[in-house]
Amino acid sequence: MSALAEWGPLVVATDVDDAVIDVIRKWINTYLSQAELERSLGDHALKRPRPANIINALTVAEFMDNALPAIVVNTTNTSSTPIVMAGGDTTAFWRATISCVVRGKTQPATKWHASLYEGCVRRLMVQRAQKEHGLITDCRWESTLVQPVADTSGAGRWLAAGVGQFTLGVDVAMNGVVGPSVPDVGPYDPLATVQEIDVDLETMNGDG
């Protein structure tokens with residue numbers, strides 16, 4: 001390995017996920033409490049998610065009954081062509097989807113609950129993400145929706161997800177100028193061991 005080379009940073013989608021999860025875990029209870037205060041809902045009217053239920057996942061598919069409310073973070077593709085700065089530092093913007101999955105006894109109550117959760121996470125992200133975590137240097141709210149989620153528990157309740165779409169900026173996702181000048185050599189698979197050689201010799205006429 002070219003250990004002495006200057007490689008520069010390497011930021012991947014799950015690094016962005018982890019940064020978002022760190023911020024939400026730290027601040028979500030504070031923002032839920034503020035929503036309760038503003039709307040005169042009473043203390044802990046909004047159920048707090050357990051830290052283990054603020055997760056990175058590919059899709060909002062199925063959640064066990066005891067896993068709700070859950071907040072699912074999914075950073076997928078970059079939103080535009082990365083910007084190459086002087087010196088090769090590359091600024092990138094990732095699309096992040098944050099889904100707040102909740103359960104309710106009626107459709108209206110479930111939609112209200114999911115909407116309020118999404119609003120709390122949205123305010124949290126816009127106000128705290130770029131101040132709280134060194135990786136995220138820009139946070140832009142792009143869109144919001146509330147959608148139903150299939151409930152396979154048979155509990156007779158409704159599930160919904162309040163979904164927020166964000167664009168998250170990372171100042172230096174990689175550097176295109178630095179890097180090793182020569183490739184690593186090996187290791188390679190050892191050469192096969194010769195076990196046996198069969199040689200047929202034919203004596204040509206007159207040559208002994």
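The values are calculated or read from the model by the stated rules, or taken from the named source; none is laboratory data. Keep in mind it's a predicted model, so treat the numbers as computed, not measured. Cβ: placed from backbone, ideal geometry, glycine included. Neighbour counts: every protein chain shown.
Brief remarks on what is shown
- Residue match in segment 114-127 (condition: touching a residue at least 40 places away in the same chain (Cβ under 8 Å), out of contact with any Leu (no Cβ under 6 Å at 6 or more places or on another chain) and among the β-branched types (V, I, T)): yes
One line per residue, one yes/no per condition, for (1) among the aromatic types (F, W, Y); (2) closer than 18 Å to V16 by Cβ; (3) modelled with pLDDT of 95 or more:
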site: K131; (1), (2), (3): no, yes, no
site: A150; (1), (2), (3): no, no, no
site: G162; (1), (2), (3): no, no, yes
site: Q165; (1), (2), (3): no, yes, yes
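- Residues in segment 1-40 that are in a loop (DSSP other than H, G, I, E, B) and surrounded by 14 or more Cβ atoms within 10 Å (Cβ to Cβ): G8, P9, V11.
- Members of segment 57-80 that are at pLDDT 90 or above and within 25 Å of G169 (Cα to Cα): A70, I71, V72, V73, N74, T78
- For segment 42-58, a residue qualifies if it is out of contact with any Cys (no Cβ under 9 Å at 6 or more places or on another chain) and closer than 10 Å to I28 by Cβ, and the qualifying residues are R48, P51, I54.
- Residue selected from segment 92-114 under the condition polar (S, T, N, Q) and crowded, with 17+ Cβ neighbours inside 10 Å, by the criterion farthest from I24 (Cα to Cα): T110
- Being of a type in the set (K, R), loosely packed, with under 15 Cβ neighbours inside 10 Å and in a helix (DSSP H, G or I) is true of K131.
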